Each structure stands twice: as C-alpha cells, then as structure tokens.
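Visitor: My structure is below; once you've seen it, I'll send some questions.
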Amino acid sequence: MTTTSAGALAARVLPRLYRDSVTLMALASSLERRAGVTRAGAVMGTPGNLTVLERSGMRPVGLAPAPDDLVLVVRGLDEDVVAAALDAGEAGLVAVEPERGGRRRPVPQTVGEGRAADPGATLAVVSTPGTYAPVVVEQALRAGLHVLCFSDNVTTADEVRLKALAVRRRLLLMGPDCGTAILDGVPLGFANAVRRGPVGIVAASGTGAQEVSCLLHRAGTGVSQLVGVGGRDLSAEVGGTMTDLALDLLSTDDTTAVVVVVSKPPAAQVAQRLLARLAGLGKPAVACLLGQDDTDGAVPVRGTLEGGARLAATLVGAPLHVGAVVPPPAPAARGVLGLYTGGTLAAETRVVLARAGVDAQVLDLGADEYTVGRPHPMIDPSARAERVAAAGGRADVGVLLVDLVLGFGAAADPATPLARAAGTAVAAARADGRDLVVLASVCGTDGDPQGLDAARRTLEGAGVLVHPSNAAAARTAVALVAGGGVPA
Amino acid sequence: MIAGGVRVLNVGLPAVVQGVPAQDVVQLDWRPPAFGDVAAARLGVVLDDDVTRAANRRALAAVHAVRPQLVAVRPARDVVPGLGEGRTLLHAGPPLEVERMCGPVRGALIGAVLLEGWAGTPTDALALIEAGGVTLDACHHHGAVGPMAGVLAPSMPVLVVQDGARRAYASLNEGLGRVLRFGAFDAEVVDRLRWMRDVLGPVLDGALRAGGSVDVTSLVAQSLTMGDEGHNRCTAATLLLARRLAPCVAEQDRGVEVLRFLAENDHFALNLSMAAAKLSMDAAVGVEHSTLVTAMARNGVEFGLRVAGTGERWFTAPVDAADGLFFPGYGIADANPDLGDSAITETLGIGGFAMAAAPAITLFVGGTPDDALDTTRSMARITLGPHPAFRLPALNFAGAPSGIDVLKVLDTGVLPVINTGIAHREAGVGQIGAGIVEAPAGVFLQAVRALHEVRVR
C-alpha cells in the first residue's frame, strides 16, 4: 500500500487467474463507480499492460506479476476505501452469475414484423396518432390487409389516395376516423354485442351504426356485417369510394339479405350515385340518410336511425316495436338541452326536434372542440357528467336529453356517473323551485359487457326517463315542449 | 366476408380490439417510424415496393456471391489505385477537410509523413499537411479500408484480396497499444511501421506466393464458430490465419520475427476481414434502386453512409464517442468521437451484427450471452437476409444478419450496432478502450430522401 497526498494506491495479484480483457475492463469500470475510488484497473500482468499502468501512474512500487497473473489496482481516498474495492473486485472475479432464465421473446413492432408473427392476419386496426396513420395504413394495404383506421386527423387527400389504393386491391379501408365495425360477427372499435342476422350495414357514422344495429337486435333480428367507412366517405371529395366497395362485398355476401347505408346526407351527386347503386344491388336496400325526408322510391330513404332500423327489420320479417313511454307533466321551462356522447345520436335528435318545429340546443360532446386534450366521452364519461350536473342550474332548461352508449370500447360503467349527475341536476332545479325532466336512451344490447338492464335501472333509479330508442326520447321531448322556447 | 376470418394486427390502443378473441390479435409494440420524421417515413413506404425488393435481392445476391481470396501483401503504392502518384495519404471515413480533422487522424497523418520521409519532425510533418503539401482522400475512394484513423501511406504494405478481376485493400494491423491507427506517431510507432514495411510485408507476401492464396470467407466463417465476431474479437481468425501461413513464413528469411509478431497480435485478422467485407460490399455499389447499405465509415468527426442505389455518394452526420469500457486511467472524457472504416464488417453482417457468435465479449452489449443474442436478433430486423456462409451456432446456425436495409432501419427505428475501438482525443496517445456505437439516425433520413429523388427522376 502506498499512501500519498493524492490518496492511496494498492494492487492485488491473483496468480494464474485468466479473465478476458473485456471482463476486466467491465470490472474496473464497476470499481471506479465505488465511492472514494478515483481510478481502478484490472489487467493480466503482461509487460504491455504493466507499461500501461506505469504510464497512467497506476503501478505501485514493486509490482511485478507474471504475465498470466491477474492484477487489480485501485487508487482511492484512503487505505480502507482501496482495500474494500480490491476485496469487491476479487469477489466479482470469482462470483458465478445465476442463470437469468428464458430468452426474451421479441414483440413485433412494425406491420411487416406483425405479418411475420402471424402470416394469417387479415386486418390491421390502426389507432396511432393521425400524423403517422397514413404511413401505417399504406403499409397494411400494401401487405394485403384490410384496414380499420380508428385514427382521426388524416387529411382528405390521404384518404382519397389510400382508398383508391385499397379499392385497386379489393381491400376495405374503414376510416379514417372509423370507430365501429362488425365483420363476420367480430366487433371492432366501439361496437355492441349484436346478434348475427341478415342485415348488412354500411355506415359513415359510428354511433349511428351502433343505434341501428342495437335496434335490429331488439327487433329479434341481427347484423350480418357492419362496415364502417369513415364519416367523409360520402363527401364530394371522397365520392363514396369505400361505400361502393363495401356494397360490392355485401352484394355477394351470402349472410346478407338486406342492406342499410347509414350516413349524414351526402353531397347531391354522391347521393344520386348512391341511390342508383343501391337500386342495382340485387338485394333490398334502405338509405338511412340523417335529416333527409322519408321517401319510398326505388330505394326507400329514411331520415332517422330508428326509421332506417324499423324499415330494415320489417324487410327481414322482424318488425321493430318501440314501446311508448308515458311522459311526465311538462315542466314550466320549455327549453330543451341535449348533451350527447354519440355524434350521430345528437344529429338524430336534432332531426326529430326540427321535424316537429322544436328549436333546441343539442351538443355533440364527442366533437373535436370538446375533446381537445381529453378522451372521448364514450371512454371517459366525467366531462359530460359535469355538464349534466351544471344543467340543473339553468332556469331556461326544462328538458334535458342524454344518450348512454354501451358496448366494446366504451367505459366500463358509464351509467353511474350519468345517473349521479342527472340526480344532482334534478335536485338543483327543484331546490330552485323548478322541474327538470331528464330523458335518455341506452344504446346497447343484453350481450354488452356493461349490462343493458343494469344501465337502464341505474338511470331510472336517478329519476331519468329511459326510452327504447334515441328517437323515442326525442319524441317525448317534443311532446313536452312543442312550441316552447330555446335555451340560449 | 373476410377470407381467412378476422385476424387482427393491432397498431395502437388495445381497447379498440377489446371485442376480438385474444388469440386472433397480434398487438404491435408500435412506435413512430423514421425516428418521428413523418415525411421520411412516407418516402420509405413509397419506396417499399416490388422495384426496390427486386433491386435488393440483386444487390444482396451480388454481395453474397463474392469470395475474397487473400492473394498478396504489397506496398500500397504498387497496388492501391492513385496512391503511387505524388504525395498522397488516405484516411478512414468520408472525406474531410484537413482543418476539421480530429486528433487521432492528425496524429496518424503525422506518423505517415514521417514514415514516408516527407518531413523530419512531427512539427514539420503537421505544417506540411496543413499547408496542403499532401493530398488527402478517403480510403473508400481507392478500394481500400483502414481501421480507426485508417491512414494508408504509399510505402505501407497492404493485404490484397481478390475475386476475379476485382480487388480490395487494407493496411496490416500493428497490434494494440501505441499504434498509428489510434493516432500515436512516436519513434516506437514509426519504427514498427518500418519493420512492417521491410520485414512483415515481404515475408507474408513470400509466404502467400509459396503457399497459395487464402480463402477469407471460410476463414471468417470458421472463426465465427470459434468465438469471434469478426471485428472486436479476431483471436480465432488470427490463429487460423497464422497457422495457415506459419510453415511458409517459417521458411522465409526473418520469418521467425514475423511469427513472433503474429503470436502477439490478436487483431491481425481484423484488417483481412475488413478488406474482404469491402470487396463484398463493393459488388452492390450502384445497383439501381437498391436500398442496401454498402458502407458505413467514420473519420472521427462525421459518420458516413453509402447506399447501393445512390452509388458513391456519402450521407454524413456528426458522430459520437463510443459507449465503452476503458483501459485503466481513462474515461469517456478522454475519448475521441468514433472513427474507422472497420464498420464495413457490420455492413456485411459480422462485428456487432454477429455478437451472438462471441460470448467472450458480450459485456460490450449488456453483459450476458442473452444480450448478445438479442443484439444479433435485433440486427436481423434491419437486414435483408442471412449470410449464407457466416453461420451462428448460438442461433441454431442461422446466417449472420447481412445487408442493412435503409427502409427497415426507418421502419423499425433500430440503428446498426457497431463494435469499435476507442482512441484518445489527442494526437499521439493511442487506444484507451473499446465499446459500441450506433450509426446516427440522420444519415438514414438523408439516404431515403436521395433514394426517392433517384426514383422519381
């Protein structure tokens, strides 16, 4: 041991012990991390290595090992630190590492690696940030996969380009911004546990498709396929490219007897083409175009989801009976406020109210302006619940309309926060000397993970009037306030 | 309606496929591609088509068809194109102006000038170099590769590897310690270079004349089954080469000196595997539309990448120091940014790509043999196919992952792992450790843009 003002330097020679130089460098670097150690070296005692030690001032006086001796040298704060480091170094050299266990299985990361992991894959579901979605969608299409693109914020130009690519390859590109599909009985995204049956649905509307499919289920029939195409598919720019392909597939799908197309009203020339296409489909078809007048031409058109579901159910011989709900006494305030998590359900409510000449404020809380920086209200019900509770303080609102969407992808228990909020709102209004009527429908089936009956009971327990369809709830609102005022 | 049934690759949120039976879902561990550069990712997707795939098959087949033979050891001036004219020195990595060169390269250039006798002192040598009195160029531009500083001077003997009419060259390995390739240039270094010039080169050349050429592919292949990875560990390959040459070397005048030198130099075969890798990769240079990487090289300032479809163009980005293990008394603060043409071995599929073969040096990549297997498996994700000759016993004799694909690097975000030595940042000190570096992402982003430009032109 040499102790100087620069600290202590000491060596330990382990005779005839060979270790690879890499092992020794790793050992030295671990010794250097010990508190109080300034330098450490671990080398075989060759003349070359001794020269290295000499040059870096790390060769204690008198150190003269044989070339096949292992040498540890440590410079540190004091003798104790150095001795402890040498002990640790020696222990490290003779220690035996335990078996670390099985080999790590690589998790596939890219579309190509996923294909390699499961060559039988047929469909890619894409929910990456929208910026990257076109890249992933294109990779999947080129790999021969159908695609459901849940991501939004994809440009129309990308949508047009990628749908053209998909059509060339006879592949479905559902989306972008497609939340719902049921293919061969397999639900994807936000979808309900709907019985399989003879009705094929092509939907440019997620909750619209959920409502229609749930009503068909309630009618005792079911869905063969539910193909989401994304909200813009029937726009003038996209031109119904994917609706066309979906209709091609449904026209030859043996399990499909009747076809329903669900969408917001398309551009005029697109609507014309769509109706012509449906007329030539070879199967009975219903155009469920929200807000359009109900007509019965070669292809019947229905302007509400319930209307479309009702007609399709009739066409497959399973008429839908929507039971009547006895309305309560009308409240003094005639203002109607709708707070919706489902965009198309909100749209249907506006249609029913507008048809009756009732003005109302109906908000789609799933719209981008309400979801910046937070999850969709179908996933996280809390933001909608706050607004429902706050509605109790509005003297101008007498009728509050809400939806509740169950199914795969939705919150585990969306009913409880809504019921609590509704109870809070009703109590607040009452404390203020007013009546607030809360009207709801539950979009779901008895097979959904959340439990349809339980959800309905939870709402009813809070005094909410639960309807068998969203349109029925809107009709009750009309009955209560026809001719009434509009909340600001 | 979906032929084959609904079997899902899920790219993103697991909740979206909550209703799909779990056995029908492959959940990807997806990350943004192309290191988050969406524009580059899009170009990558555009290029990932039948044209590129066919080009890459051609390029990789060309690389794998090369069978380098060590045929001679000759003075560089006699064989390396363009090195015999005037005062020319070659260096590792992409070309670089002398003002920007790092310490070790400057040191090596000084040593080379002294060796050539173009100046009498290090000061005069540096003055000559800085005044432009020496033409400097990249080894790669002359069919050559050099480890670390990679400085090649006209009188230095080079390994000549050949396949048919094509040739590639590398300097002779000086051993460890104070050596020119790590920037050391004192009398010990230059004296050794003189000995290599006057004794080592001629003796080895004579041995090859007497004993015939050496098949480098089988030499490297055998060494991979003996614990080498062909870059940082070349012990087995050196033993095999020395054994092969020994009888003929022993018969040469001063042959025993040469045998003694070979016996003390575990890295001697590194330069041979580098020259062979260079010859192999050059077979793909200029294969139209191929996204295969044909060279990775560093000059201590910049990392350079070459891709088959863009010919001899370099894509460059600043290079970092290696993360590594250090000799006693040194640390990361002393390290020069990475340098050397030796990454040509990884370009072919050995070195860091064949870590699974070299359990003795697994500490460079994490510490255990499993880490080494993971490294090789990870490199398989960015390469075009297994090398047919370089089998890895630890991976059930799978071929070493060979032929880096720019598109796969972008798609996976996995960067090539390169095993490397670490030079002291100051000229003259030499080697201070060894470790690994990753190629910088920027060069792959540049490459995909250039490949796309070539395609749309």
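The values are calculated or read from the model by the stated rules, or taken from the named source; none is laboratory data. Everything numeric in this text was worked out from a predicted model, so none of it was measured. Note: ideal-geometry Cβ built from the backbone for every residue, glycine included; neighbour counts use all protein chains shown. Accessible surface areas use protein heavy atoms only, side chains included; no ligands, DNA or RNA. Shrake-Rupley method; radii C 1.70, N 1.55, O 1.52, S 1.80 Å.
Visitor: Tally up the residues in region A:249-287 that are part of a helix (DSSP H, G or I) and in contact (Cβ under 8 Å) with a residue 12 or more places away in the chain, please.
Guide: Initially, region A:249-287 is screened for residues part of a helix (DSSP H, G or I), giving A:249-251, A:268-279.
Filter again for in contact (Cβ under 8 Å) with a residue 12 or more places away in the chain, leaving A:249-251, A:269-271, A:273-275, A:277-279.
Of the residues in region A:249-287, 12 are part of a helix (DSSP H, G or I) and in contact (Cβ under 8 Å) with a residue 12 or more places away in the chain.
Visitor: May I ask you to verify whether B:Leu415 is in a helix (DSSP H, G or I) and open to solvent by 20 Å² or more (accessible area, probe 1.4 Å)?
Guide: So B:Leu415 fails the test.
Visitor: Tell me, which strands (runs of 3 or more DSSP E) lie completely within region A:173-248 with 1 or more residues that are open to solvent by 20 Å² or more (accessible area, probe 1.4 Å)?
Guide: Values: elements: A:180-183, A:186-189, A:196-203, A:223-228.
By residue number, A:186-189, A:196-203.
Visitor: Could I ask something else about it? What number goes with the only condition from (1) more than 7 Å from chain B (Cβ to nearest Cβ); (2) more than 16 Å from A:Ala204 (Cα to Cα) that A:Val160 does not pass?
Guide: So the condition that A:Val160 fails would be (2).
Visitor: Just name the residue that is surrounded by the most Cβ atoms within 10 Å (Cβ to Cβ) out of those in region A:291-306 that are farther than 18 Å from A:Leu247 by Cβ and out of contact with any Asp or Glu (no Cβ under 6 Å at 6 or more places or on another chain).
Guide: First, pick out the residues of region A:291-306 that are farther than 18 Å from A:Leu247 by Cβ: A:291-296, A:303-306.
This time we only want the ones that are out of contact with any Asp or Glu (no Cβ under 6 Å at 6 or more places or on another chain), so: A:291-296, A:306.
Numbers: A:Gly291: 14, A:Gln292: 19, A:Asp293: 9, A:Asp294: 13, A:Thr295: 12, A:Asp296: 9, A:Glu306: 24.
Per the criteria, the residue is A:Glu306.
Visitor: Condition first: at the interface with chain A (Cβ under 8 Å from one of its Cβ atoms) and in contact with a Gly (Cβ under 9 Å, 6 or more places away or on another chain). Now tell me which residues in region B:35-60 satisfy that.
Guide: B:Asp48 - this is the single residue of region B:35-60 that is at the interface with chain A (Cβ under 8 Å from one of its Cβ atoms) and in contact with a Gly (Cβ under 9 Å, 6 or more places away or on another chain).
Visitor: Conditions first: (1) out of contact with any strand residue (DSSP E or B) (no Cβ under 8 Å at 6 or more places or on another chain); (2) touching a residue at least 60 places away in the same chain (Cβ under 8 Å); (3) surrounded by fewer than 24 Cβ atoms within 10 Å (Cβ to Cβ). A:Arg394 passes all but one, so which condition is the exception?
Guide: Only one criterion is unmet by A:Arg394, namely (1).
Visitor: Say whether the condition of being open to solvent by 50 Å² or more (accessible area, probe 1.4 Å), within 30 Å of the chain's Cα centre (by Cα), more than 19 Å from A:Val466 (Cα to Cα) and of a type in the set (S, T, N, Q) is met by at least one residue in region A:313-328. Explain how you work it out, then say what you get.
Guide: First, pick out the residues of region A:313-328 that are open to solvent by 50 Å² or more (accessible area, probe 1.4 Å): A:314-315, A:317, A:319, A:321, A:324, A:326-327.
Now drop any that are not within 30 Å of the chain's Cα centre (by Cα), which leaves none.
No, region A:313-328 contains no residue that is open to solvent by 50 Å² or more (accessible area, probe 1.4 Å), within 30 Å of the chain's Cα centre (by Cα), more than 19 Å from A:Val466 (Cα to Cα) and of a type in the set (S, T, N, Q).
Visitor: Find the residue count for region A:138-157, including only residues that are crowded, with 20+ Cβ neighbours inside 10 Å, within 9 Å of chain B (Cβ to nearest Cβ), more than 13 Å from B:Leu28 (Cα to Cα) and without any contact (Cβ under 8 Å) to a residue 60 or more places away in the chain. If you could, list the steps in order and put the result at the bottom.
Guide: To start, the set of residues in region A:138-157 that are crowded, with 20+ Cβ neighbours inside 10 Å comprises A:138-141, A:145-151, A:154.
Subsequent filtering for residues that are within 9 Å of chain B (Cβ to nearest Cβ) retains A:138-140, A:145-146, A:148, A:150-151.
Among the residues that remain, those that are also more than 13 Å from B:Leu28 (Cα to Cα) are: A:138-139, A:145-146, A:148, A:150-151.
Add one more test, that the residue is without any contact (Cβ under 8 Å) to a residue 60 or more places away in the chain, and what stays is A:138-139, A:145-146, A:150-151.
Selection size over region A:138-157: 6.
Visitor: Please tell me if B:Gly352 is within 19 Å of the chain's Cα centre (by Cα) and either modelled with pLDDT of 90 or more or open to solvent by 20 Å² or more (accessible area, probe 1.4 Å) (or both). It would help to see each step written out before you state the result.
Guide: On the way: within 19 Å of the chain's Cα centre (by Cα): yes; either modelled with pLDDT of 90 or more or open to solvent by 20 Å² or more (accessible area, probe 1.4 Å) (or both): yes.
In short, yes.
Visitor: Quick one: is B:Leu219 touching a residue at least 40 places away in the same chain (Cβ under 8 Å) and within 27 Å of B:Glu257 (Cβ to Cβ)?
Guide: Numbers: touching a residue at least 40 places away in the same chain (Cβ under 8 Å): yes; within 27 Å of B:Glu257 (Cβ to Cβ): yes.
Here the answer is yes, as B:Leu219 does meet what is asked.
Visitor: So, of the residues in region A:298-356 that are among the charged types (D, E, K, R) and touching a strand residue (DSSP E or B) at 6+ places or on another chain (Cβ under 7 Å), which turns out to be nearest to A:Gly200 (Cα to Cα)?
Guide: Kept after step one, since they are among the charged types (D, E, K, R), are these residues of region A:298-356: A:302, A:306, A:310, A:334, A:348, A:350, A:355.
From what's left, touching a strand residue (DSSP E or B) at 6+ places or on another chain (Cβ under 7 Å): A:302, A:334, A:350.
Working: A:Arg302: 16, A:Arg334: 40, A:Arg350: 26 Å.
Here the answer is A:Arg302.
Residue-wise test of (1) of a type outside the set (Phe, Trp, Tyr); (2) under 21 Å from the mean Cα position of the chain (by Cα); (3) open to solvent by 10 Å² or more (accessible area, probe 1.4 Å).
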| position | (1), (2), (3) |
| --- | --- |
| B:Ala62 | yes, yes, yes |
| B:Ala72 | yes, no, no |
| B:Arg77 | yes, no, yes |
| B:Ala92 | yes, yes, no |
| B:Pro104 | yes, yes, no |
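Visitor: Give me the residue from region B:152-171 that is open to solvent by less than 10 Å² (accessible area, probe 1.4 Å) and among the aliphatic types (A, V, I, L, M) and, out of that set, nearest to B:Pro68 (Cα to Cα).
Guide: It comes out as B:Val161.
Visitor: Can you say whether B:Ser218 is surrounded by fewer than 18 Cβ atoms within 10 Å (Cβ to Cβ) and out of contact with any Ser or Thr (no Cβ under 8 Å at 6 or more places or on another chain), as far as the supplied structure shows?
Guide: Values: surrounded by fewer than 18 Cβ atoms within 10 Å (Cβ to Cβ): yes; out of contact with any Ser or Thr (no Cβ under 8 Å at 6 or more places or on another chain): yes.
When the stated conditions are applied, B:Ser218 passes them.
Visitor: Mind listing whichever residues of region B:287-303 are closer than 17 Å to B:Ile404 by Cβ and either in a loop (DSSP other than H, G, I, E, B) or hydrophobic (A, V, I, L, M, F, W, C) (or both)?
Guide: The initial filter retains those residues of region B:287-303 that are closer than 17 Å to B:Ile404 by Cβ, namely B:287, B:289-298, B:303.
Matches in region B:287-303: B:Val287, B:His289, B:Ser290, B:Thr291, B:Leu292, B:Val293, B:Ala295, B:Met296, B:Ala297, B:Phe303.
Visitor: Let me ask something else about it. Can you spot a residue in region B:437-445 that is assigned to a strand (DSSP E or B) and surrounded by 23 or more Cβ atoms within 10 Å (Cβ to Cβ)?
Guide: Quick first cut of region B:437-445, residues assigned to a strand (DSSP E or B) only: B:437-438.
Next, only the ones that are surrounded by 23 or more Cβ atoms within 10 Å (Cβ to Cβ) stay: B:437.
The answer is yes, given that some residue of region B:437-445 is assigned to a strand (DSSP E or B) and surrounded by 23 or more Cβ atoms within 10 Å (Cβ to Cβ).
Visitor: Output the residue which, of all residues in region B:130-147 that are part of a helix (DSSP H, G or I) and in contact (Cβ under 8 Å) with a residue 40 or more places away in the chain, is most open to solvent (accessible area, probe 1.4 Å). Reasoning before the result, please.
Guide: Start the filter on region B:130-147 by keeping residues that are part of a helix (DSSP H, G or I), which leaves B:130, B:139-142.
Restricting the remaining residues to those that are in contact (Cβ under 8 Å) with a residue 40 or more places away in the chain gives B:139-142.
On the way: B:Cys139: 1, B:His140: 9, B:His141: 78, B:His142: 28 Å².
Within region B:130-147, the match that is most open to solvent (accessible area, probe 1.4 Å) is B:His141.
Visitor: Looking at region B:35-60, I want the residues that are among the small types (Gly, Ala, Ser) and have a partner that is surrounded by fewer than 22 Cβ atoms within 10 Å (Cβ to Cβ) with Cβ atoms under 7 Å, at least 6 apart or on another chain. Which pairs are those?
Guide: B:Ala40/B:Arg449; B:Ala55/B:Glu288; B:Ala55/B:His289
Visitor: Let me ask you something else. Here's a check for you: in region A:415-460, which residue that is over 28 Å from the mean Cα position of the chain (by Cα) and free of Cβ contacts under 8 Å to residues at least 12 places away in the same chain is farthest from A:Asp380 (Cα to Cα)?
Guide: Looking at the filtered set, the residue picked out is A:Gly433.
Visitor: Exactly one condition in (1) open to solvent by 20 Å² or more (accessible area, probe 1.4 Å); (2) modelled with pLDDT of 95 or more; (3) not aliphatic (A, V, I, L, M) is not met by A:Gly485; state its number.
Guide: Here A:Gly485 clears every test but (2).
Visitor: Within region A:28-53, can you find the residues that are open to solvent by 20 Å² or more (accessible area, probe 1.4 Å) and at the interface with chain B (Cβ under 9 Å from one of its Cβ atoms)?
Guide: Answer for region A:28-53, where residues must be open to solvent by 20 Å² or more (accessible area, probe 1.4 Å) and at the interface with chain B (Cβ under 9 Å from one of its Cβ atoms): A:Ser29, A:Glu32, A:Arg39, A:Gly48, A:Asn49, A:Thr51, A:Val52.
Visitor: Give the residues of region B:418-436 that are at pLDDT below 90, away from every other protein chain (no Cβ under 12 Å) and surrounded by fewer than 24 Cβ atoms within 10 Å (Cβ to Cβ), sorted by residue number.
Guide: Result: B:Gly428, single match.
Visitor: Could you please find all residues in region B:1-26 being more than 7 Å from every other protein chain (Cβ to nearest Cβ) and in contact with a strand residue (DSSP E or B) (Cβ under 9 Å, 6 or more places away or on another chain)?
Guide: B:Pro14, B:Pro21, B:Asp24, B:Val25
Visitor: Report yes if B:Ala450 is open to solvent by less than 30 Å² (accessible area, probe 1.4 Å) and either part of a strand (DSSP E or B) or at pLDDT below 95 (or both), otherwise no.
Guide: Working: open to solvent by less than 30 Å² (accessible area, probe 1.4 Å): yes; either part of a strand (DSSP E or B) or at pLDDT below 95 (or both): no.
No: the conditions fail for B:Ala450.
Visitor: Out of all the residues in region A:186-199, which are more than 9 Å from chain B (Cβ to nearest Cβ) and of a type in the set (Gly, Ala, Ser)?
Guide: Listed by number, the list holds a single entry, A:Gly197.
Visitor: Could you grab me the full set of residues in region B:217-239 that are in contact with a strand residue (DSSP E or B) (Cβ under 6 Å, 6 or more places away or on another chain) and in a helix (DSSP H, G or I)? Full working, then the answer.
Guide: Restricting attention to region B:217-239, the residues satisfying the condition of being in contact with a strand residue (DSSP E or B) (Cβ under 6 Å, 6 or more places away or on another chain) are B:217, B:221, B:224, B:231-232.
The answer is B:Thr217, B:Ala221, B:Leu224.
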